[in-house]
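The numbers here are math on the coordinates, done by the rules we state, and not lab data. Treat the numbers as computed from the prediction; the structure is a model and nothing was measured. Cβ sites come from the backbone with ideal geometry, for glycine too, and all protein chains shown count toward neighbours.
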Amino acid sequence: MILALIILIKGIDFAGLHVKPILPDKHYLEARISSGDRIVFRVEQGTIYFVDVVKHDDIARYGRRPRQVR
């Protein structure tokens, strides 16, 4: 997992690390770090914010943009 984090931070194109938006809102991105685990993160103004590491079956909870608190 540490290698995956370094690859994401440095912006290296690496064949084994698949990065894609989480549907339907595409607010978060996921990076596959093993057959069952994903890193959930966001990129804002060139900064990567790591949110969570989850099993692939749990990725759907990050499919929607979080509600803003008023």
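A few notes on this one:
- Pairing each residue of region 13-27 that is touching a residue at least 12 places away in the same chain (Cβ under 8 Å) and closer than 18 Å to residue 55 by Cβ with any residue that is in a loop (DSSP other than H, G, I, E, B) and among the hydrophobic types (A, V, I, L, M, F, W, C), provided the two are 6+ apart or on different chains, yields C-beta distances under 8 Å for 17/33.
- Scan of region 35-56 for residues that are surrounded by 13 or more Cβ atoms within 10 Å (Cβ to Cβ) and free of Cβ contacts under 8 Å to residues at least 12 places away in the same chain, ordered by number: none
- Candidate set: region 1-52, residues that are among the aromatic types (Phe, Trp, Tyr) and outside any loop (DSSP other than H, G, I, E, B); chosen: the one nearest to residue 65 (Cα to Cα): 41
- Some residue of region 59-69 being exposed (fewer than 11 other Cβ atoms within 10 Å of the Cβ), of a type in the set (A, V, I, L, M), farther than 16 Å from residue 1 by Cβ and out of contact with any Phe, Trp or Tyr (no Cβ under 8 Å at 6 or more places or on another chain): yes
- Residue that is surrounded by the fewest Cβ atoms within 10 Å (Cβ to Cβ) [pool: residues in region 10-34 that are under 12 Å from the mean Cα position of the chain (by Cα) and farther than 14 Å from residue 62 by Cα]: 18
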